Amino acid sequence: MLRVIRVESGSPAQATGIRAGDQIIRINGRAVRDYIDFHYHAADPFLRISLLSAAASGKRRLISLEREPERSLGLQVEEPPIQRCRNRCVFCFIDQLPRSLRRSLYIKDEDYRHGFLRGNFITGSNLSRGDVSRIIRMGLGPLYISVHATAPEIRRRLLGGCARAEILPLLERLTRGGVGVHGQVVLCPGINDGPVLEETIREFERLGPAALSLAVVPVGLSAHRGRLTPLVPVGAAKAVEVLGALRRWQRICRAKRGSRFVFAADEFYLLAGEKIPSGRSYEGYPQIENGVGLTRRSIDSLDRLLKRGGPLPSKPGLTCRIATGRLYAGVLASRLLPRLKGRVPGKVELSVVRNSLLGESITVAGLLPGRDILEELKRAPKADYYLVPSSAVNADGLFLDDFPLAGLREALAPGVVIAAEDLAGSLKKVAELESAGPAGPVI
């Protein structure tokens, strides 16, 4: 059974009398064990829902409704406890966090159900035979699998001695069963680069069309590794080497399957000082959430905004200040801000924020602590608008260090703080606030 947590007002579910606290037993005669069963079976156009009514002391009810295309039922159901990762991956970023952050940041998610619904990566090391059978039977794909290396002994080392490190049998079973798989390799120099990386790409590509894409991302090393396994960061020379290998594999894969298939995270291009590939080269951005193509997408987003002629800030003398990490600052300074000359009458200036929480080696904007952003912006000349990366703020409006976005806004007033995905989005919001006037919305 599955408990209903919330029913949206005016939804089809509310119209049938379903209430929070009701227990869903079956949908169209099929048992509902968890929220995967619910989402899977509730996708049918005609639904007969058997439930125990909370309002009628557990009396069983049978409800019939017709699902409208593209419209939600309006039901939020309980989620089961997360299946936790039992591995001790040598590069695990959670193990590199300081011990003073909110508890939710230390959860190691290894739940294939979250992987299916939200695109979270899993190693697959805790999947039972029953889990795999269910994934295939229900077509729960695509899944996102942390491959890292197909050589069992190398993968075992990377996963901290995991007894179930061999990945190819699992991948073969999933792909033969028609389940699409996106893979990733966290590249650790001296361990899974060079010939090991070559073998991993080769073996993953051999799985056929159901192997959808493979992303290679550089290992992230914070200042809190303590007694963890010593690892070498990816430097400029290693980035150049990896990009050369991946370009060669892209040529092979394009000739063989009509797709580049293997993609490098943006950090490799920025570390190597190489040109960011075109938007077309990312083939629909299959691993954008993994940092593959974000830079190109932000460049193209600004170009589209400028080509359309806005909306852009138009007030003379206006000052916008961008807060970002060291890695992306170079792209902003060399590729994006020069495009604004003659298009935006005011100033758009840059503040590069040092990450004191995680260390100097963590340079991505999405991991910037709110207090570091505030400290850097208060040091800089005052601005009318402060533009911060929305990727650094969670759904509750908190930065990694639990500093609230609302606190940043209060501290920088009367300047206005805007959190947006990229520079184009930030400039559009500035323009919207300009047109709205003093009584405009808080963004």
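The values are calculated or read from the model by the stated rules, or taken from the named source; none is laboratory data. All values derive from a computational prediction rather than experimental measurement. Note: ideal-geometry Cβ built from the backbone for every residue, glycine included; neighbour counts use all protein chains shown.
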Residue satisfying condition, being touching a Ser or Thr at 6+ places or on another chain (Cβ under 6 Å) and hydrophobic (A, V, I, L, M, F, W, C), within set L357, L327, L368: L327
If a residue must be out of contact with any Phe, Trp or Tyr (no Cβ under 8 Å at 6 or more places or on another chain), among the aliphatic types (A, V, I, L, M) and either under 20 Å from S426 (Cα atoms) or outside any helix (DSSP H, G or I) (or both), how many such residues does region 253-276 contain? 2
How many residues are in a helix (DSSP H, G or I) and surrounded by 16 or more Cβ atoms within 10 Å (Cβ to Cβ) when one looks only at region 132-161? 9
Residue in region 12-32 that is under 32 Å from the mean Cα position of the chain (by Cα) and of a type in the set (S, T, Y) present: no
So, in region 171-188, of the ones that are under 24 Å from the mean Cα position of the chain (by Cα) and not in a strand (DSSP E or B), which residue ends up nearest to S125 (Cα to Cα)? L171
Quick check on region 64-81: of everything there that is modelled with pLDDT of 90 or more and not in a strand (DSSP E or B), which residue is surrounded by the fewest Cβ atoms within 10 Å (Cβ to Cβ)? E78
Condition broken by D372, with the remaining ones in (1) surrounded by fewer than 16 Cβ atoms within 10 Å (Cβ to Cβ); (2) within 18 Å of A223 (Cβ to Cβ) satisfied: (1)
Within region 82-106, restricting to residues that are touching a helix residue (DSSP H, G or I) at 6+ places or on another chain (Cβ under 8 Å) and either β-branched (V, I, T) or in a loop (DSSP other than H, G, I, E, B) (or both), the one that is farthest from R6 (Cα to Cα) is V90
From the list G208, G141, G177, which residue is outside the structural domain of R30 (by TED's automatic domain parsing) and at positive phi? G208
Inspect region 400-410 for any residue being buried (at least 20 other Cβ atoms within 10 Å of the Cβ), modelled with pLDDT of 95 or more and within 17 Å of S298 (Cβ to Cβ) and give the result as yes or no. no
As an exercise: evaluate A165 against (1) modelled with pLDDT under 95; (2) surrounded by fewer than 20 Cβ atoms within 10 Å (Cβ to Cβ); (3) under 26 Å from V292 (Cα atoms) and give the number of the one condition it does not meet. (2)
Checking the structure you have, find out if any residue of region 52-63 is closer than 30 Å to P152 by Cβ and surrounded by 14 or more Cβ atoms within 10 Å (Cβ to Cβ). no
